[in-house]
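The values are calculated or read from the model by the stated rules, or taken from the named source; none is laboratory data. Quick caveat: nothing in here was measured; it's all calculated off a predicted structure. In this analysis, Cβ positions are derived from the backbone assuming ideal geometry, glycine residues included, and neighbour counts consider all displayed protein chains.
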Amino acid sequence: MVLASNLAWATEPYRANLPQGVADGQRYTIVITNETFVGYPAWSPKQDDPPPLSPQKAYKLALAELIRLVNTPDVYQESEITLQRFFDTSSWYYNVVFICPNWELIEPYRTLLEKGEWKKSEMPVVWICVLFDGSIVKNYEFRGTHLDFGTKPKKD
């Protein structure tokens, strides 16, 4: 779960930077703004109705994005699926997190470890945000450069 202390707060517009993820050795941050939710269905856990999108569907959509994002998606496994509220609004979304437990055995991590450019304690974690309409948040910043989420990062 993303705690408030992990978010970068801004005033106008609201902007949340989720914790840093890693995809094929490239660090990235997901950027969500209040504009992400324009025309978006409101939902509250206080309602009797379930979220408009099931966790299972959110997982399947996130898995499809993982396959597009990383070169070796088969070595990743799901770690968590959480509902996340955007600040104090009625807008919610899913965070789907994938981890790579044997990351030190695959490239580019093996080479980065050998060169001392990667910490042994730094497991690759891929965060994917799924909105209730089934869309994926595509506002990713790789090393400070904005890239559409479906674009694989370029190799150094």
Exercise for review: Kindly indicate whether any position in region 101-108 is touching a Cys at 6+ places or on another chain (Cβ under 8 Å) and over 30 Å from Val38 (Cα atoms).
Suggested key: yes
Point to revise | Residues of region 41-71 classified as closer than 19 Å to Tyr140 by Cβ and touching a residue at least 40 places away in the same chain (Cβ under 8 Å), total | key: 9
Check your understanding: Any residue in region 99-117 that is without any contact (Cβ under 8 Å) to a residue 60 or more places away in the chain, surrounded by fewer than 16 Cβ atoms within 10 Å (Cβ to Cβ), under 18 Å from Leu61 (Cα atoms) and over 12 Å from the mean Cα position of the chain (by Cα)?
Key -> no
Study note, to complete from the structure: Filter region 136-145 for residues that are at pLDDT 75 or above and among the hydrophobic types (A, V, I, L, M, F, W, C); the one that is surrounded by the most Cβ atoms within 10 Å (Cβ to Cβ) is Ile136
Point to revise | Leading residue by the ranking (farthest from Ser79 (Cα to Cα)) among those in region 116-135 that are modelled with pLDDT under 85 and of a type outside the set (A, V, I, L, M) | key: Gly116
Check your understanding: Do we find that Arg68 is touching a strand residue (DSSP E or B) at 6+ places or on another chain (Cβ under 8 Å), of a type in the set (D, E, K, R) and surrounded by fewer than 19 Cβ atoms within 10 Å (Cβ to Cβ) in this structure?
Key -> no
Practice item. Could you tell me whether region 75-96 includes any residue that is assigned to a helix (DSSP H, G or I) and of a type outside the set (Ser, Thr, Tyr)? Key: yes
Point to revise | Top-ranked residue of region 1-42 - restricted to ones that are outside any loop (DSSP other than H, G, I, E, B) and modelled with pLDDT under 50, ranked as surrounded by the fewest Cβ atoms within 10 Å (Cβ to Cβ) | key: Ser5
Exercise for review: Answer with yes or no whether Ile106 is at pLDDT 85 or above, of a type in the set (A, V, I, L, M) and closer than 14 Å to Ala23 by Cβ.
Suggested key: no
